[in-house]
Structures are given as structure tokens and as C-alpha cells.
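Everything on this sheet refers to the single structure shown next.
The values are calculated or read from the model by the stated rules, or taken from the named source; none is laboratory data. Keep in mind it's a predicted model, so treat the numbers as computed, not measured. Counting neighbours? That spans all protein chains shown, and the Cβs are built from the backbone with ideal geometry, glycine included.
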Amino acid sequence: MDGRAEPKVKSLAKALNILSCFTIQEPILGVTELANRIGVTKSNIHNILSTFTSMGYLQRLPDGRYTLGLKILEYAFIINQNLGYPNAVYDILVETASRTGEIVYFGLPYGTNVLYLYVAHPADRLGVLPYRDILGETAPFYCTGIGKAILAHMPEEEWLSHIPEERTKYQPNTVTDLDDDLDQVYDELDAMDEDMDELEEYVYGDDMDDEEEDDEDDGELEAEVEYELTCPNCGAVTVVDEDTLFNEKISCPNCGAEFDIEFTECDGECDGCTDCDAPEEE
């Protein structure tokens, strides 16, 4: 789901899978636990653990168990700095958190999970809201606010691929049976979509109003375009707007004669013509 190909070096993949065993829920694991999960002998996994420990990827605790080493943080920092998102989104996160008084998260789709990258806390509520340093944390799309917000802006055929077949009921309202609760999923996604629109309007309301006014002004300018036509019967000049010119039969207000408009390409020799689409009366 996350685009990774089948590993070619099985032994290396098995060794690296040891690192994947450590989670937020289980940050510390023993030799027996790791050997059972990876499917290797204790002697074999002991050699791998010793190698990882000597290189800083793992740390051996006094009780003989292991946890991730600080070397991992170096790579996390490198990845974070090269993603290109900090400068692009952090100011927006801080501004949104300040205006709404809520914690604001930024994450990316990662298979069936959301990969959290940044979080902004409202400065005036730091003592009220819980502080979370969330870089690198993952959580399923289907049971998180940010996940549902991302799903709400995906086509159905795309967001369905981000929901795993087996789902855990973390909370009483967590949707786990997609067939039975599909209507609830749609309702939640629609509600999240509306919430996002309201938040966007709240945060960027003034800018959006200015854009709408500019669009209205452009529309007025377009509506003000008019054309002078000379009646081929009596020579009287009449003024019509663009809609009338293109969509209606022209009738002279002076003599009542009706005439059609033909649009011809200018050959450069028209008397007084300034537009290749200048109308020609019949």
C-alpha cells in the first residue's frame, strides 16, 4: 500500500524488520520476543542485535532488553529537513492554531495510515491542551481527524484504497465494518469536508472575500463591453452588448429593419477595423 517493492536481500530485510517491531505501544522488547516475531533463532537474532547496538541503531538496557537508539534521530532530522514542508506549512499551522485555539496537525498519506510530521499548539492554551511532539507517528486514516480530513478530499475509488480490510475499534464510534457503516463513513467525510470549508473561510476569510470581489469586478468589466452597429437600411447607429450580438437577431430601433451579423476574419484592409472578429452587417 505504501509503494514498497518486494525486498531482494531477504536476510537484510529480516534484520531491518527488527527495528519495525518497536512501536509507541511497545518501545522496549526482549531477545525472545524479537526472535519469535521475526522468526529466527535466539543466537541468530542476538548477533543482529549486537551489530545494531554497536552502530547506535539500538540501545541495550540494564535488564537485557532493547530499545531504539539515538542514531535513528539523525536520519529523522535529515528526512525532515529535506522534505521541503517546514518552510511551506509551519507558519500556516501556527496561524491556524492561533486563530482557532485548537491543536493543528500536518501529515501525509502513508499506505493505510497518516504519517504525522508537524504540530502547532495555540500559544494561549499551552497550559490547557495536552502537548504532543508527533513527528513520525502514524495512525489509521479511518479513525483519526486528520485522516478523515484527507479522505474527504479524495475521490471514492482512491480513499477506499487507504482503508485496510481489517479495522480495530479504538473508540465506541470507530467505524470497523465498512459494508454496514458505509453511510456513516460518507456522513463523517461530508461533515469533515464542510468543517474544512468553514475553517478555510474562517482563516482566510478576508483574502477569499477579496478574490470574490475581484471576480465580480472582472464580470462587471466583461458585461460592460458594447458594440456599435450601423443599420444597412437607414444608416442609424445602435449600441448592443455582447450577449445580444451573439445570441439575438438585431433589429434597428430607428426603422425596425432586422439584419443578421456575420463574423469574418480581417484581411488588414477593413476601413476602420481594429479587430479581426469585427462584425459585418448583412
Restricting the first residue to the stretch 36-63 and requiring it to be on the phi > 0 side of the Ramachandran plot, which pairs with a second residue that is part of a loop (DSSP other than H, G, I, E, B) meet a Cβ separation below 9 Å and a spacing of at least six or different chains? 56/69; 56/70
Selection count where residues are over 42 Å from the mean Cα position of the chain (by Cα) and farther than 14 Å from residue 64 by Cα, scope the stretch 31-45: 3
Looking at 97, 120, can you tell me which residue is farther than 30 Å from residue 160 by Cβ, touching a His at 6+ places or on another chain (Cβ under 9 Å) and surrounded by 17 or more Cβ atoms within 10 Å (Cβ to Cβ)? 97
For residue 29, state whether it is closer than 30 Å to residue 164 by Cβ and surrounded by 10 or more Cβ atoms within 10 Å (Cβ to Cβ). yes
Only one of 31, 40 is farther than 25 Å from residue 115 by Cβ and in contact with a Phe, Trp or Tyr (Cβ under 9 Å, 6 or more places away or on another chain); which? 31
Counting only helices (runs of 4 or more DSSP H) entirely within the stretch 1-61, those with at least 2 residues that are out of contact with any Leu (no Cβ under 7 Å at 6 or more places or on another chain), among the charged types (D, E, K, R) and modelled with pLDDT under 90 are 10-20
